[in-house]
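Below: the structure, in structure tokens.
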Amino acid sequence: MIRIAPSILSADFARLAEEIRSVEEGGADWLHVDVMDGRFVPNITIGPPVVAAIRPVTKLPLDVHLMIADPDRYIPAFAKAGADIISVHAEACVHLHRTIHFIKEQGVKAGVVLNPHTPVETIRHVIADVDLVLLMTVNPGFGGQAFIPSVVPKIREVARLAGEQNKALDIEVDGGVNAKTAPLCAEAGANVLVAGSAIYNEADRAAAIRALREACAK
Ligand SMILES: O=C(CO)[C@H](O)[C@H](O)COP(=O)(O)O
């Protein structure tokens, strides 16, 4: 089953509660929250107080994507703020295995993220420990970028690796996901699609979410 996770990065921050309700009512499955620190990526977005503010506004699982250096410093604060899933970049973690278990100790699900250029082999020895693998299909930092098609074989590789280890996990893709690129990801084995502009740039959020699902069902 395909899950749709709208990214609030492309929402109108001045009307965030309404923007969140529009995708929840429109059939979203998760809400994707992009956290950027101006160090790991060249942009700054939101922190734990914003996650705490949106927690009572929605029943959707909060899928918090940390694009930050030294994420261990902030994992407890995001868990306390109400995150359901916390994902960290393999590239940002010196002790990735420790960080993944640190996330789980907070009582939330743990995900690992790979930038487009990072080989899947990097996570071979932690795949049994995570609930989710997120493959970036753009270089992280900004919404509205073009999908990088060379990531598609990586989706297959993650699915194969998880199969070899008999590990059930979610495979998520993020960046440039729209009705054209979503089916490529789904066909390769992704089951969670993050979409920012493809949903929030459309006035009818329910139709945009439906279009993504229908594109994958063809
Ligand atoms: O993590 C991100 C950027 O780093 C965003 O979630 C992603 O880019 C979604 O935006 P869009 O669908 O517009 O590409």
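The values are calculated or read from the model by the stated rules, or taken from the named source; none is laboratory data. Remember, it's a predicted structure, so these values are computed and weren't measured experimentally. Heads up, the Cβs are rebuilt from the backbone with ideal geometry, glycines too, and the neighbour counts pull from every protein chain shown. Keep in mind that these areas ignore ligands, DNA and RNA; they rest on the heavy atoms of the full protein, side chains included. Shrake-Rupley method; radii C 1.70, N 1.55, O 1.52, S 1.80 Å.
Please work out if GLY143 is within 16 Å of the ligand (Cβ to nearest atom) and either hydroxyl-bearing (Ser, Thr, Tyr) or in contact (Cβ under 8 Å) with a residue 24 or more places away in the chain (or both).
The answer is yes for GLY143.
Is at least one residue of the range 84-92 in contact (Cβ under 8 Å) with a residue 40 or more places away in the chain, outside any loop (DSSP other than H, G, I, E, B) and more than 16 Å from the ligand (Cβ to nearest atom)?
no
Restricting the search to the range 63-76, which residues are more than 15 Å from the ligand (Cβ to nearest atom) and either open to solvent by 40 Å² or more (accessible area, probe 1.4 Å) or part of a strand (DSSP E or B) (or both)?
ASP70, ASP72, ARG73, TYR74, PRO76 - these are the residues of the range 63-76 that are more than 15 Å from the ligand (Cβ to nearest atom) and either open to solvent by 40 Å² or more (accessible area, probe 1.4 Å) or part of a strand (DSSP E or B) (or both).
Conditions tested, residue by residue: (1) open to solvent by less than 30 Å² (accessible area, probe 1.4 Å); (2) assigned to a helix (DSSP H, G or I); (3) of a type in the set (Asp, Glu).
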site: VAL177; (1), (2), (3): yes, no, no
site: LYS180; (1), (2), (3): no, no, no
site: LEU193; (1), (2), (3): yes, no, no
site: ALA207; (1), (2), (3): no, yes, no
site: ALA211; (1), (2), (3): no, yes, no
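Test of understanding: among LYS59, LYS80, which residue is part of a helix (DSSP H, G or I), free of Cβ contacts under 8 Å to residues at least 60 places away in the same chain and surrounded by fewer than 18 Cβ atoms within 10 Å (Cβ to Cβ)?
So the residue among LYS59, LYS80 that is part of a helix (DSSP H, G or I), free of Cβ contacts under 8 Å to residues at least 60 places away in the same chain and surrounded by fewer than 18 Cβ atoms within 10 Å (Cβ to Cβ) is LYS80.
Filter the range 146-165 down to the residues that are of a type in the set (Gly, Ala, Ser) and within 14 Å of the ligand (Cβ to nearest atom) and list them by number.
Selection gives ALA146 alone.
Can you name every residue in the range 31-44 that is touching a strand residue (DSSP E or B) at 6+ places or on another chain (Cβ under 7 Å) and either open to solvent by 40 Å² or more (accessible area, probe 1.4 Å) or away from the ligand (no atom under 12 Å from the Cβ) (or both)?
ASP37, GLY38, PHE40, ASN43, ILE44, listed by residue number.
Applying the selection to the range 117-139, what residues are within 16 Å of the ligand (Cβ to nearest atom) and open to solvent by 20 Å² or more (accessible area, probe 1.4 Å)?
HIS117, ASN139
Test of understanding: among ALA162, ALA215, which residue is part of a helix (DSSP H, G or I), touching a Leu at 6+ places or on another chain (Cβ under 7 Å), without any contact (Cβ under 8 Å) to a residue 60 or more places away in the chain and among the small types (Gly, Ala, Ser)?
Answer to the selection: ALA162.
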